Amino acid sequence: MNETVVTLVGNAATGVEFRETATGGMARFRFAVTARRWDRDKQLWADGHTSFYTVWAWRTLAANLAGSVAVGEPLVVHGRLKVREEERDGQRRTFVDIEAVAVGHDLTRGTAAFRRVMRADPALTARPGRRRGGPEAEGAGRGAADAAGMPVRRGDAAVAPAKGELPVRGERRAGGGPTVRQEPIPELASTS
């Protein structure tokens, strides 16, 4: 299938609108891309024309966008370009959409902290023969761990780290959403 795949660098022009659908979450937001050009006469960079796109995302990407992106933040969007024409109020209008495959913050313009989202029921996504928290995943002398070896949160308390592991702190999303990946606590790492 012939598709036009693009990567755009710009800013979130609107907040992310998130909705649950029968097939999973859906999110959309407007994305502004402004060309920067070197003006030889003035000897400085100048803003060119701004193009606006509607970015669409589905399922996990949609949920993560809703919790991660705010208006004005610099982003890099990678996805499939879709151009459609509609007639509204007697006028023919053109709309340009991006079906996002990946979205991230533009780290040339700031910093970001990544937090891995744990799946709500790991048994549903585990490969046959390997269950999270089972003997194959635990390893010798360890508590339950995710694929990266980080302790898994159960209920409201994190599983205590085994000897030799760093102590960790974790977060829980508001409203009982998915657990966010736990990270080492630097001030306690030296005492282990």
Computed lengthening from Glu20 to Ala102, 0.36 nm per intervening residue step minus Cα-Cα distance: 27.6 nm
Under 11 Å, Cβ to Cβ, from Asp97 - net charge with Lys/Arg +1 and Asp/Glu -1: +4
Give me the net charge of Ala57's neighbourhood, meaning all other residues with Cβ under 14 Å from the Cβ of Ala57; Lys, Arg count +1, Asp, Glu -1. +2
DSSP-assigned coil residues among trypsin sites (Lys or Arg not before Pro) in region 23-78, each with at most 16 further Cβ atoms within 10 Å: Arg40, Lys42
Check: region 11-125 dipole with +1 on Lys, Arg Cβ and -1 on Asp, Glu Cβ, in debye: 240 debye
Cut-off 19 Å, label point 7 angstrom out along Cα-to-Cβ of Arg109: give me the residues of region 57-80 whose amide nitrogen falls inside. 65-79
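The numbers here are math on the coordinates, done by the rules we state, and not lab data. Owing to the predicted nature of the structure, the values given are computational and were not obtained by experimental measurement. Cβ atoms come from the backbone with ideal geometry, glycine included; neighbour counts cover every protein chain shown.
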